[in-house]
Amino acid sequence: MATKDMMRPFQLFQPESLDGALALADKHGGDGWIMSGGNDSLSWFKDRVKSPVAVIDLGGVTDLVGIRETANGIEIGAQTTLTEIAESDVIQSKFSVLSDAARHVATPQIRNVSSIGGNLCQDTRCWYYRDGLDCYRAGGTKCYADTPEGMNREHCLFNADRCVAVTPSDTAPAIVALDGQMTIAGPNGTRTVPAEEFFIGPAIDIERMTVLEPGEILTTITIPNTFSGATFYFEKVADRNSWDFALVNVAAAIIEDGSTISDARVVCGGVECVPKRLTVVEEVVKGSSRDEETAALAGQSAVRGATPLNYNHFKIPLMENLVKRAIRDA
Amino acid sequence: MSVVTFDPEKDPANPPVGGGLSRRELIKSVIATGAVVSAGSLLGGCGSGPGETQTAVGGVERLISLNINGKVRRVDVVPHETLAMTLRYKLGLTGTKLGCDRGECGACTILIDDTPIYSCSTLTHSVRGRAVTTVEGLQAADGSLHPVQQAFVDELGPQCGFCTPGQIMTSVALLRANPNPTREDARQALAGNLCRCGAYDHYLNGVMRAAQEA
Ligand SMILES: Cc1cc2nc3c(=O)[nH]c(=O)nc-3n(C[C@H](O)[C@H](O)[C@H](O)COP(=O)(O)OP(=O)(O)OC[C@H]3O[C@@H](n4cnc5c(N)ncnc54)[C@H](O)[C@@H]3O)c2cc1C
Ligand code: SF4
Ligand code: FES
Ligand code: FES
């Protein structure tokens with residue numbers, strides 16, 4: 001069982017360049033830990049559930065901070081804080097679904113230090129796992145949440161595969177809705193993957209939430225101009241408006257041609273291990289006008305195929321209503 | 001292991017009054033030195049992890065300078081030490097409270113370059129070279145309270161008072177960034193400071209009064 005005690009000692013490295021950080025990450029491999037704002041990292045260490053030998057603090061890597069406008073969109077450095085994203089003029093004017101999502105994370109103090117990279121790479125909040133139990137995600141052979149007595153009110157509706165944990169991030173659905181591209185640097189160079197493929201479910205790898213391999217660092221999130229200035233919607237429902245992770249959240253980007261919807265991307269968090277892109281909803285709404293009827297149809301099609309656990313049936317009408325509102329009220 | 005002991009006579013943040021120590025200062029120094037010793041063993045644990053007796057190879061130097069309340073403080077900080085630990089148990093700055101030690105209450109809120117953050121969820125080594133302000137650093141040179149502190153007293157802000165230093169630090173940061181907040185602005189700004197006693201409205205009254213009187 002986890003103890004709520006001091007962290008175990010580790011070596012702390014504070015590189016001042018991406019190259020320096022990559023060299024350290026490569027050298028330490030699986031014994032190393034990339035740390036950004038530390039909100040997720042330090043609670044793992046305090047619980048002694050994760051005890052890295054070497055912690056690589058990205059705080060001094062200033063080349064990863066900032067928001068840059070380019071001809072094709074914007075580039076966000078992974079170390080940019082959520083406060084900077086929430087308050088950015090360019091994000092507010094072009095991609096307000098992202099600044100809205102960032103503003104809904106946790107509390108002001110957490111947003112002041114959490115980076116967008118950390119928010120996207122953070123681990124799931126399943127308490128059995130975070131408490132150090134030997135569940136599937138921790139390399140064991142059972143799931144404590146998916147049992148008759150398991151407390152699974154916060155867990156998933158879709159695509160469970162032994163593990164029923166969900167993505168905790170509020171910014172991830174917005175990034176997927178905007179078709180963000182994730183640039184990853186590693187020992188073998190740099191690669192870019194669409195946000196939609198960056199997040200992975202238990203069927204692909206039950207012990208990771210993203211495609212990041214040990215030694216790799218997420219450096220940049222690029223948002224293409226596809227949805228620049230589009231009609232957006234973000235809503236999060238949580239037990240409290242401060243601190244709490246989303247029970248369900250929704251991010252939508254909609255382009256209208258006259259009175260009909262010509263393009264849309266709709267994504268929900270809190271319902272699957274990855275931000276769930278609702279392609280069926282997108283197909284249903286394209287070519288229709290943005291009215292009550294289309295919205296109702298969107299909501300109904302969003303939850304088709306949902307398989308609730310013992311305590312999370314409420315997420316089905318919650319998700320249906322959020323998607324309906326995203327289409328109707330955007 | 002080597003720890004920096006706290007000598008209030010040599011401490012620039014705490015100049016001796018009238019050449020000697022007052023009773024209160026003497027008590028504070030005893031508490032502070034005692035805490036340093038116990039914190040040293042707590043932080044080191046009973047294992048001999050990296051960095052316990054020497055600087056970790058290639059890692060951060062342990063003896064660092066911190067800029068706290070406008071003074072440079074030399075302090076021996078292990079790599080896995082949080083800022084709340086350093087402030088309370090190495091520097092005797094116990095105005096910063098530890099409620100949850102995991103970013104879920106706000107009692108440990110301090111300012112880094114005027115930005116409020118949770119000191120329980122920040123490594124001390126991450127704030128080297130930055131200006132750290134704790135509740136002890138708010139009073140004026142003549143000892144008078146900061147306008148936010150005075151307004152909290154006047155509005156009977158605190159009930160038990162445990163969350164108060166954190167509420168004060170967040171409010172000070174708000175008023176530095178936005179001297180004329182609406183009550184809603186203040187609510188949003190204070191959304192990361194839990195109050196178990198539920199004195200939220202009193203604190204909001206205090207912030208609005210401090211804004212008016214400033
Ligand atoms: C009490 C509390 C409440 C919260 N509530 C919410 C909420 O409501 N909504 C929400 O979305 N989030 C919430 N969070 C999460 C928080 O906002 C942070 O985003 C999150 O903790 C991680 O960000 P960080 O910068 O602190 O990163 P860290 O904790 O340092 O890192 C998180 C993880 O990402 C990895 N990582 C970080 N940066 C990189 C990178 N560039 N490349 C590769 N890997 C990287 C780290 O190795 C680590 O595994 C909450 C956190 C806490 C503690
Ligand atoms: S839901 Fe996943 S993380 Fe939680 S106990 Fe089950 S296997 Fe572990
Ligand atoms: S002690 Fe830091 S937030 Fe509670
Ligand atoms: S006054 Fe008691 S916790 Fe706030």
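The values are calculated or read from the model by the stated rules, or taken from the named source; none is laboratory data. Source: prediction; values computed, not measured. Heads up, the Cβs are rebuilt from the backbone with ideal geometry, glycines too, and the neighbour counts pull from every protein chain shown.
List of remarks:
- Members of region B:196-214 that are over 16 Å from B:G166 (Cα atoms) and assigned to a loop (DSSP other than H, G, I, E, B): B:A214
- The condition (being acidic (D, E) and at pLDDT below 95) is satisfied by just one residue among B:E136, B:E213: B:E213.
- Those residues of region B:76-88 which are within 11 Å of chain A (Cβ to nearest Cβ) and away from ligand 3 (no atom under 14 Å from the Cβ), in sequence order: B:V77, B:V78, B:P79, B:H80, B:E81
- Note on region A:243-266: among residues that are out of contact with any Pro (no Cβ under 9 Å at 6 or more places or on another chain) and within 14 Å of chain B (Cβ to nearest Cβ), the one that is nearest to B:A189 (Cα to Cα) is A:W243.
- Single condition A:A101 does not satisfy, out of (1) within 11 Å of ligand 1 (Cβ to nearest atom); (2) outside any helix (DSSP H, G or I); (3) in contact with a strand residue (DSSP E or B) (Cβ under 7 Å, 6 or more places away or on another chain): (2)
- Some residue of region A:94-104 being under 28 Å from B:R130 (Cβ atoms) and surrounded by fewer than 23 Cβ atoms within 10 Å (Cβ to Cβ): yes
For (1) away from ligand 3 (no atom under 16 Å from the Cβ); (2) of a type in the set (V, I, T), each residue gets a yes or a no:
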{"site": "B:C120", "(1), (2)": "no, no"}
{"site": "B:R130", "(1), (2)": "yes, no"}
{"site": "B:T134", "(1), (2)": "no, yes"}
{"site": "B:A191", "(1), (2)": "no, no"}
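- Filtered residue count, region B:106-146, keeping only those that are assigned to a helix (DSSP H, G or I) and β-branched (V, I, T): 3
- Residues of region A:147-175 that are over 12 Å from A:V271 (Cα atoms), in contact with a helix residue (DSSP H, G or I) (Cβ under 8 Å, 6 or more places away or on another chain) and away from ligand 1 (no atom under 13 Å from the Cβ): A:G150, A:M151, A:R162, A:C163.
- Odd one out for A:R8, checked against (1) farther than 15 Å from A:S115 by Cβ; (2) touching an Asp or Glu at 6+ places or on another chain (Cβ under 9 Å): (2)
- Residue match in region B:90-105 (condition: surrounded by 20 or more Cβ atoms within 10 Å (Cβ to Cβ) and in a helix (DSSP H, G or I)): yes
- Test: residue in region B:167-179 that is exposed (fewer than 15 other Cβ atoms within 10 Å of the Cβ), over 18 Å from the mean Cα position of the chain (by Cα) and not in a helix (DSSP H, G or I): yes
- Selection within region B:79-130 - away from ligand 4 (no atom under 16 Å from the Cβ) and among the basic types (K, R): B:R88, B:K90, B:R102, B:R128, B:R130
- Check on B:C160, modelled with pLDDT of 95 or more and under 15 Å from the mean Cα position of the chain (by Cα): no
- Within region B:148-163, the set of residues being crowded, with 20+ Cβ neighbours inside 10 Å, assigned to a helix (DSSP H, G or I) and in contact (Cβ under 8 Å) with a residue 24 or more places away in the chain comprises B:V148, B:A151, B:F152.
- For A:V271: the one exception among (1) surrounded by fewer than 21 Cβ atoms within 10 Å (Cβ to Cβ); (2) part of a loop (DSSP other than H, G, I, E, B): (1)
- Out of B:T124, B:T96, sole residue that is within 15 Å of ligand 3 (Cβ to nearest atom), of a type in the set (V, I, T), within 14 Å of chain A (Cβ to nearest Cβ) and within 10 Å of the chain's Cα centre (by Cα): B:T96
- For region A:101-132, a residue qualifies if it is without any contact (Cβ under 8 Å) to a residue 40 or more places away in the chain and farther than 22 Å from A:L247 by Cβ, and the qualifying residues are A:Q109, A:N112.
- Within region A:97-146, the set of residues being within 16 Å of ligand 2 (Cβ to nearest atom), within 14 Å of chain B (Cβ to nearest Cβ) and touching a helix residue (DSSP H, G or I) at 6+ places or on another chain (Cβ under 6 Å) comprises just one member, A:Q122.
- Filter result (in a loop (DSSP other than H, G, I, E, B), within 11 Å of another protein chain (Cβ to nearest Cβ) and of a type in the set (D, E, K, R)) within region A:24-56: A:D47, A:R48
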